[in-house]
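Here is the structure we will look at.
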Amino acid sequence: MTLYQNIHTAQTQNKRLLAILIDPDKFVAASAFAKAYLQKLPSQTTHIFVGGSTDPENSIETVVKTLKQHTQIPIILFPGAYTQITPEADGILFLSLLSGRNPEYLIGQQIKGAKKTLESNLEVIPTGYILVNGEKETAVQRVSETLPLDQNDIDTIVNTALAGEYLGKKCIYLEAGSGAIQPVTTQVIKAVRKIISIPLIVGGGIKSRQTMEEAYQAGATMVVIGTAFEDDSWS
Ligand code: 1GP
């Protein structure tokens, strides 16, 4: 089964997927660190995402290689820039920032990374990436120089997600931004879930089992958690 078939099946069979996001910038690519990190992950972890808005040390390749030595969990790139594409992973969320109006993040980075992606043999998962307001200026907003969508403007969020599906995206990722104060609300998740037929990924600011549970109940196929495992604040 491909990575996408697995995600799609989870959606149709109402199974819950959990991705842990590793920011290469904050990860020590050493065996002992990787082992200890992997051990503390929840047993229901189904995927590991690796990527960040920035990777100044260009460490993503060594981070993925180190992780691969210690886990069978599929590793999917979640690149903030085309420079983060590396063949050691299993797949890539080929993102387009649909909430923004910066052509560089709608199509520019994608053109720069297309050939590298082809040559890498990574499984490509075309993903419509929608940044919503998490009540904090996040790295995605800063780096992409775009504004998030207002979480109260559910119509615009829903229409953006639907347009993403019609454009051929295979997943929609609702993102409140790393370290968001306000995660994606259940109202937003429910409204988007109701209108799209593709898997829905939800992340940003989820720090507790309860918030994770609420996101699944509202219709998330996959929940993404990063910061809470980085700073051990998961509760
Ligand atoms: C960010 O959705 C992810 O891109 C995860 O966010 O770091 O807040 O868990 P957190």
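Summary table below
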quantity	calculated
Phi-based couplings in Hz for the stretch 47-63 (Karplus 6.51, -1.76, 1.60; Gly and Pro marked x)	9, 10, 9, 10, x, x, 4, 9, 9, x, 8, 6, 9, 4, 4, 5, 5
Phi-based couplings in Hz for the stretch 222-235 (Karplus 6.51, -1.76, 1.60; Gly and Pro marked x)	9, 10, 10, 10, x, 3, 4, 8, 6, 10, 6, 9, 4, 9
The chain - mean residue ellipticity at 222 nm from DSSP helices (-39,500 (n - 2.57) per run, n ≥ 4, rounded to 500)	-10500 deg cm²/dmol
The stretch 111-235 - Debye-derived log10 I(q)/I(0), Cα point model, q = 0.14, 0.19 Å⁻¹	-0.61, -1.06
Descending principal axes extents, the stretch 163-232, alpha-carbon based, whole Å	39, 20, 16
Stokes-Einstein D for the chain, Kirkwood Rh over Cα pairs, 4 °C, 1.567 mPa s (µm²/s)	74 µm²/s
Cut-off under 5 Å, modelled amide H: who pairs with GLU135 long-range	GLN182
Electrostatic dipole magnitude of the chain [Cβ: Lys, Arg +1; Asp, Glu -1; Cα centre; debye, to 20]	580 debye
Sequence-distant residues sharing a close amide H with THR185 (under 5 Å, placed H)	none
Farthest positive-ward along the chain dipole, Cα basis, beta-carbon charges - from PHE33, ILE206, THR45	THR45
Under Karplus coefficients 6.51, -1.76 and 1.60, residue-wise ³J(HN,Hα) of the stretch 82-90 in Hz, glycine/proline x	5, 5, 8, 7, 9, x, 5, 7, 8
Accessible surface of the chain, 1.4 Å probe, proportion on carbon and sulfur as whole %	51 percent
Contour minus Cα-Cα distance for THR71 and ASN58 (0.36 nm per residue)	2.5 nm
5 angstrom amide H check on GLY179, placed H, neighbours 5+ away	GLY205, THR227
Local net charge near LEU21, Cβ-Cβ under 14 Å (Lys/Arg +1, Asp/Glu -1)	-4
Rounded accessible area per residue of the stretch 3-230, 1.4 Å, Å²	45 Å²
Positive-end residue of TYR105, GLN72, LEU147, charge dipole of the stretch 3-230 with Cβ unit charges	GLN72
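The values are calculated or read from the model by the stated rules, or taken from the named source; none is laboratory data. Everything numeric here is computed off the predicted structure, so don't read it as measured data. Cβ sites come from the backbone with ideal geometry, for glycine too, and all protein chains shown count toward neighbours. Calculation scope for accessible area: heavy atoms of the full protein, side chains included, ligands and nucleic acids excluded. Shrake-Rupley method; radii C 1.70, N 1.55, O 1.52, S 1.80 Å.
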